[in-house]
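**Q** Mind looking over this structure? Questions follow.
What follows draws every value from the coordinates through simple rules; no lab data is involved. Not measured: the values here are computed from a predicted model. We place every Cβ from the backbone using ideal geometry, glycine too, and count neighbours over all the protein chains shown.
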Amino acid sequence: MGICSHLDDEECAKRARRGDRAAFSELVARYQDRIYRFLVRLTHSPDDARELTQETFLHAYQALVRWRADARLCTWLFRIARNLAFDWLRRRNRVAFVPWDDDEAASHPDPAPAPDVVLETAQRYQGLENALERLPLEHREILLLREIEEMSYDDIATVLNLNLGTVKSRIARARAGLLERMPR
């Protein structure tokens, strides 16, 4: 348990802004895995996602003086990560989604099910990953934030700089597009 683990995000950010490195380390520990998962699926590159995750926290540390306490820290961090990823994608002129490879997908199911259940589950995951890969980037990112990161519509609106109605309609279109692309 860290020195600052009992503090909420905003208090950690306030302390980090005043130079408390332990408070900033606590924020990194809380969010690095979520930011990395989001970035690896946007960039299609685990190595680049690791680098972008580090860049996200470096940018956040440098920009803490501009962070407003009325803004949720989580959405602020995801917005930084998203902007860095989009810059990276533009520089490389690549927009892709990283599918789980068969070995990785097979290693995650519960070991208790029978092999045929494991295979069927892995095939469903692969079908979902393939369907997600074929979605437009704006639909893929909004589904990742909503379904994987479990962000509220308000938080998604903040991260993506969209109004709430646009978030709701884009999620509906993204879900419909995903269903159309799912194997039958």
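**Q** In region 1-62, which trypsin sites (Lys or Arg not before Pro) are in a loop and have at most 12 other Cβ atoms within 10 Å, using DSSP for the loop call?
**A** Details: sites: 14, 15, 17, 18, 21, 30, 34, 37, 41, 50; in loops: 18.
Qualifying residues, ordered by number: 18.
**Q** Sort out for me the Cα centre separation of region 1-29 from region 50-87, rounded to whole Å.
**A** Cα centroid of region 1-29 versus Cα centroid of region 50-87: 15 Å apart.
**Q** Let me ask another. Hey, with R₀ at 41 Å, roughly what FRET efficiency would residue 152 and residue 21 work out to, going by the Cβ-Cβ distance, to 0.05?
**A** Working: r = 30 Å, r/R0 = 0.74.
Result of the calculation: an efficiency of 0.85.
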